[in-house]
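Okay, so here's the structure we're looking at.
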Amino acid sequence: MTNKPKDWVFSDPRLKEMKQDYNAYTKEDFNVWKILFERQIVNLPNAASKAYLDGIEEINFTADKIADFADVNRKLAKSTGWAIQVVPGLIDDDLFFGLMNNKRFCSSTWLRKMEQLDYLEEPDMFHDAFAHMPMLTNQPYVDFLEKLSGIALKHIENKWAIELLSRIYWFTIEFGLIRENGELRIYGAGILSSAGETKYSLSDEPAHYDYDVKRIMNTPYWKDKFQDKYFVIESYEQLYESLPEIEAVLEEMLAEAAQN
């Protein structure tokens, strides 16, 4: 992987030319978006990170209009230079990290059905758009994403390395908390798209730990229930500045695994 040019991913045959067909959205799609948006947005003014709240205002998501990726891309081009890459759903790790290493965030275009409002096994467009895209306006956050993906590509053939880096991604990008003005706030997309976990993650019920690279990489995560622990950063710059430590701890843990 390291011998490939940085932009190899754009010519990969697995990445089909996909676009958002906005005219294909049905009345049910618009209703689902509206219900999910209105149900969650009321929880966020005193729960979400300022970066998220600023981002959703900058991108201008509303309840009455499903996210338009062309519009999102125009706004991101002016702020951080990132863009949305349409994908069919979950994709191979090398494509996922390869795209982010080229400042492209993956998103599906399909929305859950009305009977799926509360639970999905696979993230849909509401999660990808509402929860992830506003944070793409924050420069240190996207710089962290880009460089973390570069580290993953160096080790893409090593499943244990990808598992360890996935724990970093999970406990930051998906389920991360930040301390702002002495209060816990949410920036992780997995929490931002869940009304239940928004309330739970900020309560006294789960454990809250300071951001700790080694501890995170030694912590497996759950996909089918709320986390029992969350890691708290002090700033998005802290995430970016932790990249050398992530590389060092990764090499250390890979060396330990090779000896056993």
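In what sequence do Arg185, Arg74 fall when counting other Cβ within 10 Å, fewest first?
Arg74, Arg185
Counting other C-beta atoms within 10 Å, and keeping those with at most 11, which DSSP coil GluC sites (Glu not before Pro) do you find in region 140-211? Kindly include the intermediate steps, with their values, before the conclusion.
On the way: sites: Glu146, Glu157, Glu163, Glu174, Glu180, Glu183, Glu197; in loops: Glu157.
For GluC sites (Glu not before Pro) across region 140-211 that sit outside H, G, I, E and B with at most 11 neighbouring Cβ atoms in 10 Å, the list reads Glu157.
At Asn260 and Ser166, where each label point lies 7 Å from the Cα along Cα→Cβ, what is the point-to-point distance in nanometres?
1.8
Going by how many other beta carbons lie within 10 Å of each one, how would you line up Thr26, Thr198, fewest first?
So the residues, fewest neighbours to most, are Thr26, Thr198.
Restricting to the chain, compute how many DSSP beta bridges are antiparallel as a %, nearest 5.
30
Only helical DSSP H runs with n ≥ 4 go in: add -39500 (n - 2.57) per run for the chain, normalise by residue count and round the 222 nm mean residue ellipticity to 500 deg cm²/dmol. Mind showing how you got there, number by number?
On the way: 11 runs with 110 residues, N = 260.
Rounded to the nearest 500, it is -12500 deg cm²/dmol.
For Lys229, which lysines qualify as cross-link partners when the Cα separation must be under 27 Å and same-chain residues fewer than eight apart are set aside?
Result set, ordered by chain and number: Lys50, Lys147, Lys159, Lys199, Lys214.
In a solvent-free Debye calculation with one equal scatterer on each Cα, what is log10 I(q)/I(0) for region 17-259 at q = 0.07, 0.09, 0.12, 0.18 Å⁻¹, listed in the order of the q values?
Here the Debye-derived log intensity ratios amount to -0.22, -0.37, -0.67, -1.55.
Any idea which of Tyr230, Pro244, Leu117 is furthest toward the positive side of the dipole for region 17-259, if Lys and Arg beta-carbons carry +1 and Asp and Glu beta-carbons -1?
Checking the options against the dipole of region 17-259, the answer is Leu117.
Every read-out reported here was derived from the displayed coordinates using simple, explicitly stated rules and does not represent laboratory data. Model, not experiment: these values are computed from the prediction. Every residue, glycine among them, receives a Cβ derived from its backbone with ideal geometry; neighbour counts consider all protein chains shown.
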